[in-house]
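A.B. asks: Okay, handing you the structure first.
The values are calculated or read from the model by the stated rules, or taken from the named source; none is laboratory data. Note that the coordinates shown come from a computational prediction; the quantities given were computed from them, not determined experimentally. All Cβ positions, even for glycine, are placed from backbone atoms using ideal geometry, and neighbour counts span all protein chains on display.
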Ligand code: APR
Ligand code: PHB
């Protein structure tokens, strides 16, 4: 089989890239290790930056998002019981974010791909990229016990943090930057009305908490827990009590609780690999970088990588601009590192670090106090939260 772009992974990165390429008349095949149902069963993030919303519109996958997504013009910070508002729209000259779950984005992209008749091979095992440094790379994989070969011009490694693409690059050509945080987030999904119209990021002496949502009837809440905690030890009741204990009293009093539909613990990590390309193979999204979820940047960074790769490939195929190919990594990394910085900073400011001494604790509290009480501080938070601009490819 032959295609122009072989895409490994049918998460949001692979599906969005595939859809944009398809619309531009560039053929592509997606190889995905799991089944579609499995891919859709993963509960992930839910805040889309304007740039990602625009990209989904460009891909023609926006109807349900526009109908069901919630436009948020701000969010709240709750600092040991005191509430502060970050008015995103006013502070950024009109920018907002869209609350629409990654699972729904993925569902819409899968449906659009199917309607377009583009090929996705699910349950493709043992995918391996070959000859990435040569002129004619290819990917081998197995389906139902039979080995296949997919010839292509370029390979997009959209296969997440544990994927094969990054692992196929000789280790000595990659530089890894990493920080693992000494805690995780315990999250639950519940069919309860949100406690507040906007998201609430809460810092408290018991630890961080976040009140998020998927819709006006479905909530996603998190509490910071120790890295060694086990989800089995957290009954719904224990979770709700801990969440309420970390929120300002008026919010705790208003909280509607209910049975969890999903409950899991995610570790927090910052990770970047450089460069994000190896010959004719490009790493996209979680395959190249991970952020802690505090800034809601993971999915959005995947979208900006997709935008960069798509715009480069479009110019390569339409205008013969092969000179742009080597720019992919540096263009992506400029934006990736800014989002890494913001996510690290939000994480550092809002979480409880057990080994912080008294001086560090006061500095942490003062930094937060300074940022929320100064217009310039709130503006800095807001411009990063709504998402920094995408670079134009010229
Ligand atoms: N072969 C084929 N597919 C693979 C392989 C492999 N060897 N390894 C992983 N995959 C698939 C996974 O099953 C998954 O469906 O690649 C996909 C990767 O998807 P994600 O992990 O969601 O990564 P990505 O598409 O980059 O999405 C951006 O950023 O912060 C996060 O929550 C955010 O998951 C989102 C991600
Ligand atoms: C979520 O809704 O899952 C969510 C929202 C904001 C974040 C992280 C996660 O910063």
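A.B. asks: On the basis of being touching a helix residue (DSSP H, G or I) at 6+ places or on another chain (Cβ under 8 Å), assigned to a loop (DSSP other than H, G, I, E, B) and at pLDDT below 95, does residue 43 make the cut?
C.D. replies: Against the criterion (touching a helix residue (DSSP H, G or I) at 6+ places or on another chain (Cβ under 8 Å), assigned to a loop (DSSP other than H, G, I, E, B) and at pLDDT below 95), residue 43 qualifies.
A.B. asks: If you don't mind, there's one more thing I want to ask. Return a yes/no flag: does the range 124-138 have any residue that is more than 25 Å from residue 325 (Cβ to Cβ), surrounded by 15 or more Cβ atoms within 10 Å (Cβ to Cβ), over 21 Å from the mean Cα position of the chain (by Cα) and away from ligand 2 (no atom under 16 Å from the Cβ).
C.D. replies: yes
A.B. asks: Do you know which of the residues in the range 266-287 that are more than 26 Å from residue 228 (Cα to Cα) and under 13 Å from the mean Cα position of the chain (by Cα) is farthest from ligand 2 (Cβ to nearest atom)?
C.D. replies: Here the residue is 284.
A.B. asks: Looking at the range 320-328, is at least one residue farther than 26 Å from residue 286 by Cα and exposed (fewer than 14 other Cβ atoms within 10 Å of the Cβ)?
C.D. replies: yes
A.B. asks: Using beta carbons and a limit of 6 Å, which pairs, at least six apart or on different chains, have the first residue in the range 239-250 and closer than 13 Å to residue 206 by Cα and the second one in a helix (DSSP H, G or I)?
C.D. replies: 244/252
A.B. asks: Can you name the strands (runs of 3 or more DSSP E) wholly within the range 95-159 that have at least 2 residues being in contact with a helix residue (DSSP H, G or I) (Cβ under 7 Å, 6 or more places away or on another chain)?
C.D. replies: In the range 95-159, the matching strands (runs of 3 or more DSSP E) lie at 97-99, 125-130, 154-157.
A.B. asks: Would you pick out the residues in the range 160-169 that are assigned to a loop (DSSP other than H, G, I, E, B) and without any contact (Cβ under 8 Å) to a residue 60 or more places away in the chain?
C.D. replies: Within the range 160-169, 162 is the sole residue that qualifies.
A.B. asks: Something else about it: Which condition number in (1) surrounded by fewer than 19 Cβ atoms within 10 Å (Cβ to Cβ); (2) within 25 Å of residue 247 (Cβ to Cβ) is the one that residue 60 fails?
C.D. replies: For residue 60, the failing item is (2).
A.B. asks: Another question about this same structure. Of all strands (runs of 3 or more DSSP E) completely enclosed by the range 179-282, which ones contain at least 1 residues that are at pLDDT 95 or above and surrounded by fewer than 16 Cβ atoms within 10 Å (Cβ to Cβ)?
C.D. replies: Filter on the range 179-282 gives 219-226, 260-274.
A.B. asks: Just need a number here: residues in the range 327-354 that are in contact with a strand residue (DSSP E or B) (Cβ under 8 Å, 6 or more places away or on another chain) and either away from ligand 1 (no atom under 16 Å from the Cβ) or closer than 15 Å to residue 288 by Cα (or both).
C.D. replies: Total satisfying the criteria: 12.
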